[in-house]
Amino acid sequence: MISLLITEFHANYMKEGLSDRVIDDFRRIILGYYNKNKRKFPFRETRNEYYVLVSEIMLQQTQTGAVAEKFLKFIELFPDFASLARASLEDVLNAWQGLGYNRRALALKTIAEKIVKNHRGKLPRDKEILISFPQIGDSTASSILAFAFNEPTVFIETNIRRVYLYYFFPDQYVVKDTEIYPIVEKTLD
């Protein structure tokens, strides 16, 4: 059934371009697939800004299964920005053990310290401020805004890129993000 829908989708897209119908079909296919196949992760079950930040930093270059195991233990030890900011570096690194790339743990602690000191313990809703923190680039800042604050943001990361290539650039081998970005922008729900 899905392959028939994809074949139909490709035909409609080639014929109509980014028409309202094509955009609606794309959204329906993606949402339907997600609802049917989504994996349960503890960091998906929350809009807590601290939890979202921790999970997004943990998910950088680490598989979701490994993060799922470590996330709950980390949150239990450091339940908020203040507790992470106060924690010793040794305790933070011990809790991080097994996730690799310790610079992410160091960055997370630095972010917590800055948020407590400069932002009254609240994660800023401003993309430029988020990007000013260590280990947060455009994609991570956008993910945080989307998942913590439900703000529509346009960004491309590996999985998003893969989906858009499959649906909008079939049989093309070299596609620049600058070609994908406008489509992501137009299909954003």
Residue farthest toward the positive end of the dipole of the range 112-189, with Cβ of Lys/Arg at +1 and Asp/Glu at -1: which of P182, A148, L123?
L123
For the chain, what is the calculated [θ] at 222 nm in deg cm²/dmol (nearest 500), taking -39500 (n - 2.57) for each run of four or more DSSP H residues and dividing by its residue count?
-21000 deg cm²/dmol
Identified option (computed Kirkwood radius over Cα pairs in Å; candidates [x] 18.3; [y] 17.2; [z] 19.2):
[x]
Taking trypsin sites (Lys or Arg not before Pro) as exposed when in a DSSP loop with at most 13 other Cβ atoms inside 10 Å, the chain has its longest clean stretch at 48-119
Would you be so kind as to identify which of A68, A82, A105 lies farthest towards the positive end of the dipole of the range 42-149, taking Lys and Arg as +1 and Asp and Glu as -1 on Cβ and the Cα centre as origin?
A82
To the nearest 20 Debye, how big is the dipole of the chain about its Cα centre, given +1 on the beta carbon of each Lys and Arg and -1 on that of each Asp and Glu?
440
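Is there a quick way to get the dipole size of the range 42-149? I mean about its Cα centre, with the Cβ of Lys and Arg at +1 and of Asp and Glu at -1; what is the value in debye to the nearest 20? Don't skip to the answer; put the middle values down first.
Working: 14 positive and 12 negative charges, 37 e Å.
It works out to roughly 180 debye.
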Excluding same-chain pairs closer than 8 in sequence, count the lysine pairs in the range 1-109 whose Cα atoms lie under 27 Å apart.
8
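FYI, it's all coordinate maths here, none of it is from the lab. Bear in mind that the values here come from a model prediction, so they are computed numbers and not experimental data. Glycine gets a Cβ as well: all are built from the backbone with ideal geometry, and neighbour counts include every protein chain shown.
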